[in-house]
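Colleague: Starting off with a structure, shown below.
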Amino acid sequence: MVFPELRSTENYAMKNPAITSDLSQLSLCFFIKLVQDQGDQIVVSYASEDSNDLTVEIYPTRTDFYVDFKLFRFTSINLYDDTWQHLCLTWENNQGVMKLYKDGQFTEQVTNHATKNYTLKAGGFLVLGQEQDSIGGGFDHNQTFHGRLASVNMWDKVLSESDIAAQYINCSVPHGSVINWSLFKNLTRGNVAVEEP
Ligand SMILES: [Ca+2]
């Protein structure tokens, strides 16, 4: 899926409702290819009536994930190298721990105790390529994604490192139990292009 260089709030993919039951843990995985760019880019945002439940925001020198507006900041990876890279994040609400895996390998973990016992609410909007200031809208030109995405999938559990490594090594990704990439091909808007592999 190709998000064009010319930033526009018209370019995105959206699924609603995206999650059918509340989540106390999750894994979100995708392949991403980025060229050098200024500022921040939103890869994924999930918003329900209660909150901006999940946001993935990439900056040139860091990658920020939010659960319920609570920040998990990762500084160990640089994604702006114009190659395909595989990212997985896992989060659970027992300890509020998020783990990041890059190219199938565990990379870094961050704990935010403020997310303990939080659950992502079902029935919200999941958007690829834009950040939602309101549910399903309120997009900001400056937070638009520019790059390529593939195999965006989400599960309602914390995947093991070996599960994640297999996704990367095999390049064949099982369908996510919560978000299934194959459905997104028909949910693009604007000038987002779908390329068959
Ligand atoms: Ca915003």
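Colleague: Could you look through region 101-118, keep only residues that are among the polar types (S, T, N, Q) and either touching a strand residue (DSSP E or B) at 6+ places or on another chain (Cβ under 8 Å) or part of a helix (DSSP H, G or I) (or both), and pick out the one that is nearest to E161 (Cα to Cα)?
Modeller: First, the residues of region 101-118 that are among the polar types (S, T, N, Q): 105, 107, 109, 111-112, 115, 117.
If we keep only those that are either touching a strand residue (DSSP E or B) at 6+ places or on another chain (Cβ under 8 Å) or part of a helix (DSSP H, G or I) (or both) too, we end up with 107, 109, 111-112, 115.
Details: T107: 11, Q109: 13, T111: 18, N112: 21, T115: 22 Å.
My answer is T107.
Colleague: Among the residues of region 170-188, is there at least one that is at pLDDT 95 or above, exposed (fewer than 15 other Cβ atoms within 10 Å of the Cβ) and either part of a loop (DSSP other than H, G, I, E, B) or touching a Lys or Arg at 6+ places or on another chain (Cβ under 8 Å) (or both)?
Modeller: Looking through region 170-188, none of the residues is at pLDDT 95 or above, exposed (fewer than 15 other Cβ atoms within 10 Å of the Cβ) and either part of a loop (DSSP other than H, G, I, E, B) or touching a Lys or Arg at 6+ places or on another chain (Cβ under 8 Å) (or both).
Colleague: Which of the residues that make up region 29-51 are within 16 Å of the ligand (Cβ to nearest atom) and acidic (D, E)?
Modeller: D40
Colleague: Quick check on Q109: is it at pLDDT 95 or above, within 15 Å of the ligand (Cβ to nearest atom) and within 17 Å of the chain's Cα centre (by Cα)?
Modeller: Numbers: at pLDDT 95 or above: yes; within 15 Å of the ligand (Cβ to nearest atom): no; within 17 Å of the chain's Cα centre (by Cα): yes.
No; evaluated as a whole, the condition is false for this residue.
Colleague: What tally of residues in region 52-69 results from selecting those that are within 14 Å of the ligand (Cβ to nearest atom) and at positive phi?
Modeller: 1
Colleague: Here are the criteria: (1) free of Cβ contacts under 8 Å to residues at least 40 places away in the same chain; (2) over 20 Å from W155 (Cα atoms); (3) surrounded by fewer than 19 Cβ atoms within 10 Å (Cβ to Cβ). Tell me which single one T107 does not satisfy.
Modeller: Unmet for T107, out of (1) free of Cβ contacts under 8 Å to residues at least 40 places away in the same chain; (2) over 20 Å from W155 (Cα atoms); (3) surrounded by fewer than 19 Cβ atoms within 10 Å (Cβ to Cβ): (2).
Colleague: Only one residue in D156, D140 is surrounded by fewer than 17 Cβ atoms within 10 Å (Cβ to Cβ) and of a type outside the set (A, V, I, L, M). Which one?
Modeller: D140
Colleague: Looking at the structure I just gave you, is N117 surrounded by fewer than 19 Cβ atoms within 10 Å (Cβ to Cβ), more than 20 Å from I179 (Cβ to Cβ) and at pLDDT below 95? First the steps, then the outcome.
Modeller: Numbers: surrounded by fewer than 19 Cβ atoms within 10 Å (Cβ to Cβ): yes; more than 20 Å from I179 (Cβ to Cβ): yes; at pLDDT below 95: no.
Against the criterion (surrounded by fewer than 19 Cβ atoms within 10 Å (Cβ to Cβ), more than 20 Å from I179 (Cβ to Cβ) and at pLDDT below 95), N117 does not qualify.
Colleague: Another question, then. Here are some residues: A13, A18. Which one is among the hydrophobic types (A, V, I, L, M, F, W, C), surrounded by 15 or more Cβ atoms within 10 Å (Cβ to Cβ) and in contact with a helix residue (DSSP H, G or I) (Cβ under 8 Å, 6 or more places away or on another chain)? Let's see the steps before the verdict.
Modeller: Numbers: A18 fails: in contact with a helix residue (DSSP H, G or I) (Cβ under 8 Å, 6 or more places away or on another chain).
Selected residue: A13, the only one of A13, A18 that is among the hydrophobic types (A, V, I, L, M, F, W, C), surrounded by 15 or more Cβ atoms within 10 Å (Cβ to Cβ) and in contact with a helix residue (DSSP H, G or I) (Cβ under 8 Å, 6 or more places away or on another chain).
Colleague: Here's a check for you: in region 129-149, which residue that is within 10 Å of the ligand (Cβ to nearest atom) and without any contact (Cβ under 8 Å) to a residue 60 or more places away in the chain is nearest to the chain's Cα centre (by Cα)?
Modeller: D133
Colleague: Let me ask something else. Could you say which residue among Q167, Q95, Q85 is touching an Asp or Glu at 6+ places or on another chain (Cβ under 7 Å) and more than 16 Å from the ligand (Cβ to nearest atom)? Steps first, please.
Modeller: Working: Q167 fails: touching an Asp or Glu at 6+ places or on another chain (Cβ under 7 Å); Q95 fails: touching an Asp or Glu at 6+ places or on another chain (Cβ under 7 Å).
Q85 is the lone residue from the list that is touching an Asp or Glu at 6+ places or on another chain (Cβ under 7 Å) and more than 16 Å from the ligand (Cβ to nearest atom).
Each row is one residue, and each column tells you yes or no for (1) of a type in the set (D, E); (2) loosely packed, with under 15 Cβ neighbours inside 10 Å; (3) touching a Lys or Arg at 6+ places or on another chain (Cβ under 6 Å); (4) over 18 Å from E57 (Cα atoms).
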{"residue": "S134", "(1), (2), (3), (4)": "no, yes, no, no"}
{"residue": "S151", "(1), (2), (3), (4)": "no, no, no, no"}
{"residue": "S160", "(1), (2), (3), (4)": "no, yes, no, yes"}
{"residue": "A193", "(1), (2), (3), (4)": "no, yes, no, yes"}
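Colleague: How many of the residues making up region 10-20 are more than 16 Å from N52 (Cα to Cα) and at pLDDT below 95?
Modeller: First, pick out the residues of region 10-20 that are more than 16 Å from N52 (Cα to Cα): 10-13, 20.
Now restrict to residues that are at pLDDT below 95: 20.
The qualifying residues number 1.
The values are calculated or read from the model by the stated rules, or taken from the named source; none is laboratory data. Quantities reported herein were computed from a predicted structural model and do not represent experimental measurements. Reconstructed Cβ throughout: ideal geometry from the backbone, glycine too, with neighbour counts over all protein chains shown.
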